[in-house]
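Reviewing the structure listed below.
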């Protein structure tokens with residue numbers, strides 16, 4: 001084992017650097033549900049939800065399809081102008097997934 005000891009005063013700048021350059025956690029289907037759950041109407045236009053999630057289009061499309069197939073979200077409207085709405089079962093998933 002090494003006897004390495006950092007110089008006094010170097011740890012805090014290191015932690016600040018790491019915090020500034022840390023990548024945000026990768027968005028998941030649960031992220032989409034959480035975004036919708038925090039909206040009063042529990043609905044967002046299709047592309048607004050994608051931009052808020054930060055997901056790339058291919059992952060976003062796959063996540064939405066899986067959530068819709070599971071009955072956690074529904075697509076309302078027509079074409080690309082539609083919106084995604086959280087279902088009661090999707091809201092329940094968000095409540096269960098919240099840490100205590």
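The values are calculated or read from the model by the stated rules, or taken from the named source; none is laboratory data. Just so it is clear, the structure is predicted and the values come from calculations on it, not from any experiment. In this analysis, Cβ positions are derived from the backbone assuming ideal geometry, glycine residues included, and neighbour counts consider all displayed protein chains.
Remarks
- Residue 80 meets the stated requirement of being over 14 Å from the mean Cα position of the chain (by Cα), in contact (Cβ under 8 Å) with a residue 24 or more places away in the chain and part of a helix (DSSP H, G or I).
- Subset of segment 1-39 (residues that are part of a loop (DSSP other than H, G, I, E, B) and either modelled with pLDDT of 80 or more or in contact with a strand residue (DSSP E or B) (Cβ under 6 Å, 6 or more places away or on another chain) (or both)): 27, 28, 38, 39
- Only residues that are in a helix (DSSP H, G or I), more than 17 Å from residue 34 (Cβ to Cβ) and in contact (Cβ under 8 Å) with a residue 12 or more places away in the chain were counted across segment 50-77, and they come to 0.
- Total residues in segment 37-52 satisfying the condition of being within 20 Å of residue 92 (Cβ to Cβ) and surrounded by 12 or more Cβ atoms within 10 Å (Cβ to Cβ): the figure is 6.
- Given (1) in contact with a strand residue (DSSP E or B) (Cβ under 7 Å, 6 or more places away or on another chain); (2) surrounded by 14 or more Cβ atoms within 10 Å (Cβ to Cβ), index of the condition residue 94 fails: (1)
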